[in-house]
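Notes for the one structure printed next.
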Amino acid sequence: MRTLLSLTLMLMLVNYVETMVIPALPKIEDQFSTTATTVAWVTSAYLIVGAVASPIFGKLGDRYGKKKVYLISIGFYSLAVLMAGFSPNIYFLIFSRGVQGIGYSTFPLAIAIITDLFPKERVAWAQGILSATLAAGPALGLLVGSYIVQDLGWPYAFHTAFILSLILLGISAKYIVEIPEKTREKIDYLGATFLMLTVVPLLVYLSNGPNVGWTTLSQIALIVVSVVAFPIFLIVERRTSEPLMRLDLFRVRNLMVANVAGLISGTGMFLMFTGLVYYLQLPRPYGLGLTIIESGLLMAPVALVMMTLGPIVGRAINVIGPKPLLVVGSSVSMLGYFLLDTFRYSEYEVLFDVIVTAAGLVNLIIPLVNMVALALPEEQRGIGIGMNTLIRTIGSAIGPVISTVFMDTYVTWLLYDVNGQFIPVAQVPDYSAFHYMYMVAIALMFLSLIASLFTKNYVIKARQEVKREVVEAKHPG
C-alpha cells in the first residue's frame, strides 16, 4: 500500500502541474506580450515531450528496472519545474515545460509497477486509483493553481511544485519496491526522432494557422515535414528489431480500441479545460466574467468527482468488464459537451455541465489502462502502456491547440462605453469559437462510442483469453 500511495501522490503532482498554469495563461500572454496560440504551447510542449518520453522510459524500465528509471524521470522533472519558475521569456518557459514532459513517463512506469506487484484481483482497483489522477490532477491544478497565481503570481506555482516534487522523490526512493529488469531491449531513438518530426510540425501548423495563414511558405514547409516523416516513422517501426511502437500489437482488438479511445479522451479533456479557462474569465456577455480564483473554485467539485469515481470504475471492471464502461463513458461525455454548448450562461450551469463531462471521461479513461496491461505479457507491459500513454498524450497536446485555433479564428471586439460611445478596445473569442469547439468534442466522443462497441469484453477471469490475442497477433496462423 505504501508503494501505491507513493505512486498516487507523485502522479497527482505531475498531473496537477500539467494544468496549474492554465488559469494564468491570459496573464502570461499579457506579461510576455504574445498571442493565445503561442501561450498554448506552455501546455502543448509539456504534452508532446511526454508523449514521446512515455514509451521510451517504459522500455527503459523494462530493461534497467522500473524503480530506477522512475526515480530518474522524477529527477529530470523536478529540475525542469525549478527552471520554469525563473523563466525570463515565453520561449524559455515553453522549453522548461517541454523538459517537464519527461515526468509524464511516470504514469506508464507506475502502472507497470502496480501490475507486477499486486495480485491480479486487485490490479484493476489499483489501476483505477492511479488512472483517476489523469483527470483529478488537472482539475486540482486548475483549483489550487488559481489561488497561487492570483495571490502570488504564476512563477510561485512552479516554486511550490518544485518543493513538493523533491519531497515525493525522497518518499518514492524509500517506499517503492524495486522490480528486477526482465529484458535487455534496445531503445528506438530513430523512431522517437521521426515521431517528433511528425507530431511537432503538425501542431505548429495548426496553432500558427489563424495568425500567419494556412498556405504561407513556412506553413506549407511544416505540413510537408509532418507528412513525409509519418510514413518514414512507420517504416522504421516495422524494420527495427525493438521498435518504439509495436505496430503488430495494433492487430489486437482491445489494444486498438484502447489507443483510439485514449487519443480521443485526451483531446476532449484538454479541449474542455483550455476553452473553459478563457470562457470563465472573459467579461460578460462574452463569458462569465469570473476572477482566476472563482474560475478555479468551479473546478473543485470536478476533482472530487473524478477521484471518487476512479476506484469505483476500477472495481467495476472486474465485475462487468471494460466495454460497458467505455460505452457509458463516451455517451455521458457526449451529453456533457452538448450541455456545455447549449447551457453555459451561469456558474451553476457550467459546474453541472463539467461534472457530467468529467464523469463520462473517467469512465472512458480508466478502463483503457487495464485493457492494455492485461493484454500484454509481463515483460511488455511497460512499452505497451507507454504506447497507450503516448497516443493519449498526443491527444492531450492536440486539445489546447484546437481550442486556441477556434478562439483566434472566431473573434469579436470587446466594447467599452465611453460617454455613450462604444469604443473597441480588444479582440476576444465570440460565441462561435466555443460552439465549434464543443461540436468537435461531441463528434470525437461519437467516434469513441463507435470504437467502444468493438471492444472484446472480459472480466478478470478472462485474462488468459485476452492474452491469447497477443500470441495470435505475434504468431498468426
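The values are calculated or read from the model by the stated rules, or taken from the named source; none is laboratory data. Because the structure is predicted, anything quoted here is derived from the model rather than measured. Cβ atoms come from the backbone with ideal geometry, glycine included; neighbour counts cover every protein chain shown.
Worth pointing out:
- The C-beta contact set for region 437-450 (first residue free of Cβ contacts under 8 Å to residues at least 40 places away in the same chain, second residue surrounded by fewer than 15 Cβ atoms within 10 Å (Cβ to Cβ) and of a type in the set (Asp, Glu), distance under 9 angstrom, 6+ apart or interchain) is empty.
- Members of region 322-339 found to be more than 12 Å from residue 358 (Cα to Cα) and crowded, with 21+ Cβ neighbours inside 10 Å, listed by number: 322, 325, 326
- Each residue in region 431-445 was checked for being more than 15 Å from residue 332 (Cα to Cα) and either of a type in the set (Val, Ile, Thr) or in contact with a strand residue (DSSP E or B) (Cβ under 6 Å, 6 or more places away or on another chain) (or both), and 1 pass.
- When restricted to residues that are within 20 Å of residue 327 (Cα to Cα) and modelled with pLDDT under 75, region 374-410 contains 2.
- Top-ranked residue of region 284-340 - restricted to ones that are hydroxyl-bearing (Ser, Thr, Tyr) and out of contact with any strand residue (DSSP E or B) (no Cβ under 6 Å at 6 or more places or on another chain), ranked as modelled with the lowest pLDDT: 295
- Residue in region 234-244 that is closer than 24 Å to residue 43 by Cβ and at pLDDT below 80 present: yes
- Top-ranked residue in region 188-246 [being under 21 Å from the mean Cα position of the chain (by Cα) and small (Gly, Ala, Ser); ranked as surrounded by the most Cβ atoms within 10 Å (Cβ to Cβ)]: 207
- Selected residue (only one of 75, 58 is over 13 Å from residue 162 (Cβ atoms), in contact (Cβ under 8 Å) with a residue 40 or more places away in the chain and either within 19 Å of the chain's Cα centre (by Cα) or not in a loop (DSSP other than H, G, I, E, B) (or both)): 58
- Residues (surrounded by fewer than 24 Cβ atoms within 10 Å (Cβ to Cβ), of a type in the set (A, V, I, L, M) and within 16 Å of the chain's Cα centre (by Cα)) located in region 98-129: 99
- Number of positions in region 88-135 that are part of a helix (DSSP H, G or I), hydrophobic (A, V, I, L, M, F, W, C) and more than 23 Å from residue 75 (Cα to Cα): 9
- Subset of region 263-280 that is of a type in the set (Phe, Trp, Tyr) and closer than 10 Å to residue 22 by Cα - its residue that is surrounded by the fewest Cβ atoms within 10 Å (Cβ to Cβ): 278
- Subset tally (residues that are touching a residue at least 24 places away in the same chain (Cβ under 8 Å), in a helix (DSSP H, G or I) and either in contact with a Gly (Cβ under 6 Å, 6 or more places away or on another chain) or in the same structural domain as residue 104 (by TED's automatic domain parsing) (or both)) for region 215-255: 8
- Those residues of region 328-349 which are hydrophobic (A, V, I, L, M, F, W, C) and out of contact with any Asp or Glu (no Cβ under 7 Å at 6 or more places or on another chain), in sequence order: 328, 332, 334, 335, 338
- Enumeration of residues in region 87-134 that are at pLDDT 80 or above, within 21 Å of residue 308 (Cα to Cα) and among the basic types (Lys, Arg): none
- Selection of region 37-55 for residues being aliphatic (A, V, I, L, M) and crowded, with 24+ Cβ neighbours inside 10 Å yields 39, 40, 42, 47, 48, 49, 51, 52, 53.
- Residue check, residue 100 under 23 Å from residue 40 (Cβ atoms), among the polar types (S, T, N, Q) and in the same structural domain as residue 309 (by TED's automatic domain parsing): yes
- Total residues in region 449-461 satisfying the condition of being loosely packed, with under 14 Cβ neighbours inside 10 Å, at pLDDT below 90 and part of a helix (DSSP H, G or I): the figure is 1.
- Single condition residue 446 does not satisfy, out of (1) assigned to a helix (DSSP H, G or I); (2) at pLDDT below 85; (3) closer than 25 Å to residue 360 by Cα: (2)
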